[in-house]
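Okay, so here's the structure we're looking at.
The values are calculated or read from the model by the stated rules, or taken from the named source; none is laboratory data. Since we're looking at a predicted model, the values are computed, not measured. Here Cβ is always computed from backbone atoms with ideal geometry, including for glycine, and neighbour counts include all displayed protein chains.
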Amino acid sequence: MKEKKKEDRRKGCGGRVLYSAAAAILSRLERREGSLKSLVYGSGFPNVRLLYALVSETLRYGPVLEKLLAASGLLQAGKKAAKKRLPPALARVLVYELLFGKGLRGGGGGGSGALVLKHRARLQAELARLKVQKKVSRNQDLLERGSPPSLALLPRYARVNALKTRVEHVVDYFKRQGYAYQGKGEASALSAGKKFLLDSLFPDLLVFPPQTDLHEDQLYQAGHLILQDKASCLPAFLLDPPPGSHVIDACAAPGNKTSHLAAIMKNKGRLFAFDLDAKRLATLSTMLVRAGATCYELEHRDFLTTDPSDPKYSRVRYILLDPSCSGSGMVGRQPFEEEGGDDETQEALSTRLKALAGFQRKMLLHALKFPALHRLVYSTCSFHQEENEEVVRDVLEQQGKDFHLVEALPSWSPRGLDVFPAAKCCLRASPKETLTNGFFVAVLERRHMGTNEESVPPLLPENMPECFAYSEFVSLASVKTYGERSVACDGITYASVADTKLK
């Protein structure tokens, strides 16, 4: 029994450790010490996905939990013995898990759990009474309209780690576990039950129904599967460094994107993984070891302090930049990051976004200084245009002569907000439109001036309307200015040579 408890604690599954960690993050959120994402990943808790989900759902049910706690008198229990009084944050976590989650693990992990279980009947009675008052039958119907979407409503995405296994082997494994394989398809077509499919875009991404728990699965434990949101797979996928490349991951922890880069590189080349925080770097190291990555070099320092002219980085052609952001796109984000709210809250949010955007611009401008850089992917898990399109626009105003936006995944929808003309080259993701966390991605590439290859206008596609002579029109990717005569084909706009000035 003792060995089992030790193993649970090692995996981050022990009730007392999990609930204490979740309560600590709730308390720090209330003090506004950071975003939900940064606090979870900086907590040192071994199972960050489990912790993130628990905190997210406790936040989402916050108003309901407050009513139940007040009506049940749980917080007043043990009032005469103040040392035994249940802390409010821990009470919310435990009551959520008891009534809306999967039940208290290991009896709730000690005296606090025992106190909640002692009040189980009263809590259940108050929950039933609240449903009658609201005239609803389901727990989720108690949530106020406009509540942030639940992590539990998104599909479970699992990236097959190519460094350790192959997609077909993992598919066969889950078939043997009783899962029905539905081939390649869209997450929206996946119904509930023990089923899964292969994502239609990413060749190594499996999709399971919401709330599928793979944390205890042996493939996840062995690093053969990486539990990673689909939108989070975009940056490494779009950077696409070939094997043997020299690559920088400027803000690498907790490591999902870094391990994805290592897999794409087939562990060949040099992958410089930066992070300033020692705890996050330790999490990154653990993640990469479990994933079987070997081509990385940990850089325990601020990326902004690096010297782009350092010979160590002279062959860096690819950079992934996913800097600190508001985290507003993460499902279950804390309430004070929601849209709306009072003037004071919005003023605080505006101030915070301004500071974040300033930092993000510095990071992006610094990354573009590396002399051999060919392609850079900039990404955030934010909905705010201040951190996304506006950052890219401001940087291109300074570096537009050397770098330009590339239209990434033309078939992807939604696109960047119409903040500046080229913003449509960027990608966005959201729970509603893509069944993922909120995300923003921009791909920048260096311009190559003065070479014969680049000065020749590209050929037009074969299905260009016959009324336009091939020699008369060029792609806007090769021109600086253009007039009114233009035509669109396959998502690319072509303009008359007579009205253009070649770059």
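Structural remarks
- Residues that are surrounded by fewer than 16 Cβ atoms within 10 Å (Cβ to Cβ) and either in a strand (DSSP E or B) or in contact with a Leu (Cβ under 7 Å, 6 or more places away or on another chain) (or both) within the range 346-379 comprise just one, LYS362.
- Lone qualifier among SER382, SER411 - being under 21 Å from ALA252 (Cα atoms) and in a loop (DSSP other than H, G, I, E, B): SER382
- Checking TYR181, TYR220 one by one, the residue that is in a helix (DSSP H, G or I) and either in contact (Cβ under 8 Å) with a residue 12 or more places away in the chain or of a type in the set (Ser, Thr, Tyr) (or both) is TYR220 and no other.
- Neighbours by Cβ (under 7 Å, 6+ apart or cross-chain): first from the range 121-135, in the same structural domain as LEU74 (by TED's automatic domain parsing); second surrounded by 15 or more Cβ atoms within 10 Å (Cβ to Cβ) and small (Gly, Ala, Ser): ARG122/SER72; LEU123/SER72; GLU126/ALA71; GLU126/SER72
- Residue match in the range 3-18 (condition: at pLDDT 80 or above and either within 23 Å of the chain's Cα centre (by Cα) or under 21 Å from ARG122 (Cα atoms) (or both)): yes
- Qualifying residue in the range 271-287 (condition: farther than 16 Å from ALA162 by Cβ, crowded, with 17+ Cβ neighbours inside 10 Å, of a type in the set (Val, Ile, Thr) and not assigned by TED's automatic domain parsing to the domain that holds GLY185): yes
- Hits in the range 349-375 - residues which are within 21 Å of GLY438 (Cβ to Cβ) and either in contact (Cβ under 8 Å) with a residue 40 or more places away in the chain or in contact with a helix residue (DSSP H, G or I) (Cβ under 6 Å, 6 or more places away or on another chain) (or both): ALA357, GLN360, ARG361, MET363, LEU364
Listed here are the residues, each with its yes/no results for (1) closer than 19 Å to VAL207 by Cβ; (2) assigned to a loop (DSSP other than H, G, I, E, B).
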| site | (1), (2) |
| --- | --- |
| ILE226 | yes, no |
| LEU234 | yes, no |
| GLY244 | no, yes |
| ILE248 | no, no |
| CYS251 | no, yes |
| ALA263 | yes, no |
| LYS268 | no, yes |
| ALA273 | no, no |
